[in-house]
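The values are calculated or read from the model by the stated rules, or taken from the named source; none is laboratory data. As the structure is a computational prediction, the values presented were derived from the model and not from experiment. When we count neighbours, we look across all protein chains shown, and the Cβ atoms used for this are built from the backbone with ideal geometry, even at glycine. Please note that ligands, DNA and RNA were not included when accessible areas were found on the heavy atoms of the full protein model with its side chains. Shrake-Rupley method; radii C 1.70, N 1.55, O 1.52, S 1.80 Å.
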Amino acid sequence: MPAPSPGPREVLASSPEPGSRAAAAGSSCRGLLWHLQDKRLRLGLFDIDPGHKLHQMTCMMQAGLWAATQVSMDHPPTGPPTEEDFSQVLTQVHEGFELGTLAGPAFARLRRSLGLADEDYQAALGPGGPYLQFLSTSKSKASFFLSHDQRFFLKTQRRREVQVLLAHLPRYVQHLQRHPHSLLARLLGVHSLRVAQGKKKYFIIMQSVFFPAGRISERYDIKGCEVSRWVDPAPEGSPIVLVLKDLNFEGKTINLGPQRSWFLRQMELDTAFLRELNMTDYSLLVAFQQLHEDEKGLGSSLIFRTVRSVRGIQSPEESGAQNRRLLPDAPNALHIVDGPEQRYFLGLVDLVTVYGLRKRLEHLWKTLRYPGRTFSTVSPACYARRLCQWAEAHTE
C-alpha cells in the first residue's frame, strides 16, 4: 500500500519554554503524582523515570507532541474537511530527533468534535509529567504508555498498520458521525518518531477506555475465542491488576439491565463496520467498577447527551439508526455503561488487522494445529458474528 501522503512538510519546531504553562502545570502536579504512586502500582502502572530504558524516547515524544499540538492551536482547521486533511504529513525537526504528524488537521477536527480542548491535550501529553508504562498481556512487540493523568493511551504500531489506519480514516470519521455513541476507540493522533538518522517508529494516541481507572477492580481483553486466551492471574495478595482474557472471564456476567439492548445493537453496528473494512482480531475491552450507592439507578446521575463525535447534519433516516443512549455524567462517558450494581468500561480496540493473505495462511495453519477449537484468526464475517455472540451470551 502506498504511503498515505504526497509528501511531508518540514518545519523547525519550537519546544516548550521552561516558564511555559505546560511546564508550570507539570511542576504543580508533581506532588499529586507522587501521592498517587501507590494507587498506580495497584494498577500495574510505573513511572518512566530517568532510569527507565524508554525514558529518552518518551521525553522526545512529549516534546514533539507539545510542538505538534501547538501547530493545530496556532492554525486551527477552518471550513469543511478536505482530502488534504487526511493526507497531510507535517515533520517537525527538533534537536536530535524528528516528529511527524500524520493527518493532523483531520485528527484536530476529531478532537474538537469530542469536546477535547487542544490546551488540555497538550498539557496531558507534553512534558508536564512522566508517561506511565503498564504491564501488558499482549503478545505483540508494541510498547504501551499512558499520559501522566491516565486519560490518553499511546501505542507503538508497525508502518503497515499505520497505513491501514490512515487509509480507512475518512470512513472511521464518517462512522463516528453516524453513530456518535459508538464503542470504537477514539483515535486522536498518529505520529512518527525518528532519532538522528535511524528508522522511523510509529505510534498512535487514543482516549483510554479504562479512564478514570482508580476504582476499577477487574480488566479484560475479549476476542470471543479460547486459544491463547488465558492469563495467569497475579499471585494472591499482589497489588497488581492484570488485563485478563476470555478464559479468565468464565462464569462472569455483565449485568447491564435496561442498557443491554443498546449494547448488543451497538456491537452489531460497530462490528459490521469493521467487517466492511475487512478487519479481524480486534478486542472488546471490559472493566468492572462497583457503583457507590449514590451512583445507582437511572435518576439524577444520568443525563441525555446529543454530542456528536464529528459535527455534521444528520438525515431523518440516520437519526433513527444512531442508537443513542443515556450516558453517565462522568468522564469518558462514551466508553461507560452503568448497570444496576456495576459500572462497566467497554470499548473496541486494535482496529488495524486486515484479513489478507498472511492472515488467511495463519487461519489455515491454526485450523490444522487446533482442530475443534476457536482462535482469533478467522474471516471478518466470522469474527464479527462470534464477538457479538459472546456479548449476547455474557450479558443480562
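Taking segment 357-381 as the range and being assigned to a loop (DSSP other than H, G, I, E, B) and not aliphatic (A, V, I, L, M) as the test, the residues that pass are 370, 371, 372, 373, 374, 375, 376, 377, 379. Note on segment 45-79: residues that are open to solvent by less than 30 Å² (accessible area, probe 1.4 Å), among the hydroxyl-bearing types (Ser, Thr, Tyr) and not in a helix (DSSP H, G or I) total 0. If I filter segment 382-392 for residues that are open to solvent by 30 Å² or more (accessible area, probe 1.4 Å), touching a Gly at 6+ places or on another chain (Cβ under 6 Å) and outside any helix (DSSP H, G or I), do I get at least one hit? No, there is no match, as no residue in segment 382-392 is open to solvent by 30 Å² or more (accessible area, probe 1.4 Å), touching a Gly at 6+ places or on another chain (Cβ under 6 Å) and outside any helix (DSSP H, G or I). Within segment 352-369, residues that are more than 15 Å from residue 277 (Cα to Cα) sit with their Cβ atoms under 9 Å from residues that are of a type in the set (A, V, I, L, M), at 6+ positions apart or across chains, in these pairs: 363/378; 366/227; 366/378; 369/227. Within segment 163-182, residues that are within 15 Å of residue 351 (Cα to Cα) reach partners that are open to solvent by 50 Å² or more (accessible area, probe 1.4 Å) with beta carbons closer than 6 Å, at six or more positions or on different chains, in the pairs 163/1; 164/354. For residue 159, are the conditions met, namely being in contact with a Phe, Trp or Tyr (Cβ under 7 Å, 6 or more places away or on another chain) and surrounded by fewer than 19 Cβ atoms within 10 Å (Cβ to Cβ)? Considered against the rule, which asks whether it is in contact with a Phe, Trp or Tyr (Cβ under 7 Å, 6 or more places away or on another chain) and surrounded by fewer than 19 Cβ atoms within 10 Å (Cβ to Cβ), residue 159 comes out as yes. Going through (1) at pLDDT 95 or above; (2) more than 22 Å from the chain's Cα centre (by Cα); (3) closer than 30 Å to residue 57 by Cα; (4) of a type in the set (Lys, Arg) one by one, residue 199 falls short only on (1).
Residues checked against (1) in a helix (DSSP H, G or I); (2) touching a Ser or Thr at 6+ places or on another chain (Cβ under 9 Å); (3) under 29 Å from residue 247 (Cβ atoms):
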{"position": "81", "(1), (2), (3)": "no, no, no"}
{"position": "105", "(1), (2), (3)": "yes, yes, no"}
{"position": "108", "(1), (2), (3)": "yes, yes, no"}
{"position": "165", "(1), (2), (3)": "yes, no, no"}
